[in-house]
Structures are given as C-alpha cells and as structure tokens.
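Notes follow once the structure below has been shown.
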Amino acid sequence: MTPIVRRPWDIPQHRHTAESVYRRRELYRREFLKSLGRAAAISGGAAGLLSVLGCMPSPEEVDAAGAVVPLPEAQAALYPAPRDPRFEYGRPETDRHAAAAYTNFYEFTPEKDGYRHVGLFQPTPWSFEVTGLCAQPRTFDLDDVYRQFSLEERAYRHRCVETWAMCVPWTGFPLRKLLEIVEPLPVARYVEFVTAQRHAEMPHLARSRRYLWPYTEGLTLAEALNELTFVATGVYGAPLPKQHGAPIRIVIPWKYGYKSIKSIVAVRLTEEQPKTFWNTLIPHEYDFTANVDPQVPHPRWSQSREWMLGSGAVYPTVVYNGYGEYVGSLYA
Ligand code: MTE
C-alpha cells in the first residue's frame, strides 16, 4: 500500500483562505508598506523605518492578541455609541488594525508592538478612585461608569510627540462630567492621573527600573474641564483593546500623545503641579504642558510635519493639533 504523503501545499479546499480575507490582508499590507518610506523620511531614517517594519502583523494577529475581556451584555450593547457631529477629522480615518498594531504602552514594552505583550493583562474587573481636593471623593467601578455616563463617539486627531499621527473614533464621555460628581474644592488647581502598576501582568515594569513607575500624567484643572478632554472606554465602536489602554483612559487631542494616559486607577485633585512620568525623566524633551506646536521642535527632530499610521500620508502639523477654537483661550 502506498502511504499518502501530504505535501505542505496540499491544503484541503475547506482550509483555503477566503478571497475576501486575502484581499483585505493584501490591502492592509500595501497600506502598511506605503507608510514605510514616509515614516523613515520624517521619523529618523533607519530607526523609524525599522520600528514600522518590526510590527507589520496580520489584522487577525492584532485582533487575537489585543482582544478585550468581554463585557457584560448590557455594557457591550452600548457600542457603538452615537457620533458627536461637532467633531470631524478633516482627513481619512486611520485603519483600525494599523492603529492597534502601533501603540505606545511602556508598561508592556518600549516597542510599538504592545498587542504582542498584553496577553496577561486583566482589564476587568476594574475600579479607579477620584480623590484629593474634592468634596465627594469616591471610587468608580466599570458598572458605575457604564450606568452613570452616557457614551458618545468622537472623531479625534491624535499627534504623538514622535511625529506619527492617527485619526481615531473614541467612545466615552467628557472628563468634566466625572469631575462634577466629586465637586472639586476652590483650592484645586491641577488634576493628576495614575496608571495601574501590575508587575505580574505588565512585563516591562520589572525590566525598566530607570523609569519612575507608575506612569502618571497631569493637567491644569481648567484643561481637565475643557470640553475636549475625554474619558475613553472604547475605540472604533467597541470597548478598548488592551494595548489602547483598556478599560479606561484619558484622551487629550490638542496635546502630544504622552498626555493621553492609559488604564487609569487614580485621578487626584491637587493644589501643586503633579510630577509626571516623561517630564520627570527627561524634562528638556517632554514638558508638562505639551501642547502640539509645529514652531517648537523637539531637541532631536522637527515637529513641523506628521505622518499617518496606516496610510503614511504626511501633513503639516497645526498648532493645538487644529483644536485652537476649543482651547486657544486657555493659553491667551
Ligand atoms: N499611558 C501609559 N500608561 N503608558 C504609556 O506608555 N504612552 C503614551 C500615551 N499613554 C503611554 C500612555 C503615548 S507616548 C502615546 S503617543 C499614546 O498613549 C498612544 O496611544 P495609543 O497607543 O492608544 O495610540
């Protein structure tokens, strides 16, 4: 009897890749490749090119690795939330997978492929406290969040200090609504935010002792109360994937991306300006205010242009990331 030897390419019909899946992957691959040249040109030659090349996964790989822990049915049913018509990108929306494959989340990795390192992270159950100089300090869990705040979707531009940018639909609610509940005292002048610090789930914490964990950020109270400052629980019409800061993060679209702190466990009202992660580590490169400004170069690169994740399209950078109408008066 002749044994049947199956060669690697003898794949049964039912395991062939569907044409629609092939086409979507091919489109995504081409989009990613197009971004390489531009990324290299703007973000530091070979280093920029390699960092983009290093994370060109398939959409399926990105989805599987960064998958969120499913929410209870009633909470999941709140997605997608109605879009707030006041906000438009003015550019094409960034491909969901391109955004999810190129993230900054140093607790997990200093590279961009956070989706590969978040497997152990447990974003539910979750709670965060709001304390400090306020009349009604309290702790919120995810049930409180989904019950007390009505969700909306906002199409925001995001500009990283490293010159990459994206256009992303966040789901959430204005931070102002959270702060109104705790009633800030008149002496409160700043708001500090703190990210979770879980050594068993965040592999880079232990490997990076020179960093001053936990990751912290801060705003003036006026900035925190601004209409644009957003608490996000979701993105692209679904709950946040882990690498985007599940289950709850802050989004501040007129400031460089490092202000948009992820996976928060504490919000504190203070009188003094809080110490923040990057500003404490490298103050001459990362200032506390961090408003997007093309006229002020980073000490090592220009901030005059930005390149979009996914498409690689290049745009001139605009002061306050184009949100001057909302925030210009804060700095007048
Ligand atoms: N929050 C925490 N806790 N840790 C981080 O490393 N990176 C910041 C910000 N929030 C960061 C963080 C930076 S530098 C950017 S540009 C944005 O997250 C990126 O958000 P995204 O990865 O969801 O695109």
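Coordinate-derived values only; no laboratory data. Because the structure is a prediction, the values reported are computed rather than measured. Using ideal geometry, Cβ is built from the backbone for each residue, glycine included, and neighbour counts are taken over all protein chains shown.
For the structure I just gave you, tell me whether W170 is among the aromatic types (F, W, Y) and closer than 23 Å to N291 by Cβ. In short, yes. Residues that are more than 28 Å from Q148 (Cα to Cα), in contact with a helix residue (DSSP H, G or I) (Cβ under 7 Å, 6 or more places away or on another chain) and within 15 Å of the ligand (Cβ to nearest atom) are absent from the range 66-81.
At least 1 residues being more than 14 Å from the ligand (Cβ to nearest atom) and buried (at least 23 other Cβ atoms within 10 Å of the Cβ) is the threshold, and among the strands (runs of 3 or more DSSP E) wholly inside the range 206-295 those reaching it are 264-270.
For the range 177-203, which positions are under 24 Å from G234 (Cα atoms) and within 16 Å of the ligand (Cβ to nearest atom)? Please lay out each step first, then the result.
First, pick out the residues of the range 177-203 that are under 24 Å from G234 (Cα atoms): 177-182, 191-198, 201-203.
Answer for the range 177-203, where residues must be under 24 Å from G234 (Cα atoms) and within 16 Å of the ligand (Cβ to nearest atom): V191, E192, F193, V194, T195, A196, Q197, R198, E201, M202, P203.
If you filter the range 137-174 down to residues that are surrounded by fewer than 21 Cβ atoms within 10 Å (Cβ to Cβ) and of a type in the set (S, T, N, Q), you find that the one that is farthest from W126 (Cα to Cα) is S150. Close Cβ contacts (under 7 Å, 6 or more residues apart or on different chains) running from residues in the range 192-206 that are within 12 Å of F105 (Cα to Cα) to residues that are within 9 Å of the ligand (Cβ to nearest atom) and of a type in the set (A, V, I, L, M, F, W, C) comprise T195/I261; T195/I264; M202/F108; P203/F108; H204/F108. Flag set for T124, criterion: surrounded by 15 or more Cβ atoms within 10 Å (Cβ to Cβ) and either of a type in the set (S, T, Y) or in contact with a Gly (Cβ under 8 Å, 6 or more places away or on another chain) (or both). Within the range 134-176, the residues that satisfy the criterion of being among the basic types (K, R) and either without any contact (Cβ under 8 Å) to a residue 40 or more places away in the chain or within 15 Å of the ligand (Cβ to nearest atom) (or both) are R147, R154, R157, R159.
Scanning the range 63-89 for residues that are part of a helix (DSSP H, G or I), of a type in the set (G, A, S) and crowded, with 17+ Cβ neighbours inside 10 Å returns a single hit, A65. Taken over the range 304-332, the criterion of being within 20 Å of the chain's Cα centre (by Cα) and among the polar types (S, T, N, Q) is satisfied by S311, T317, N321.
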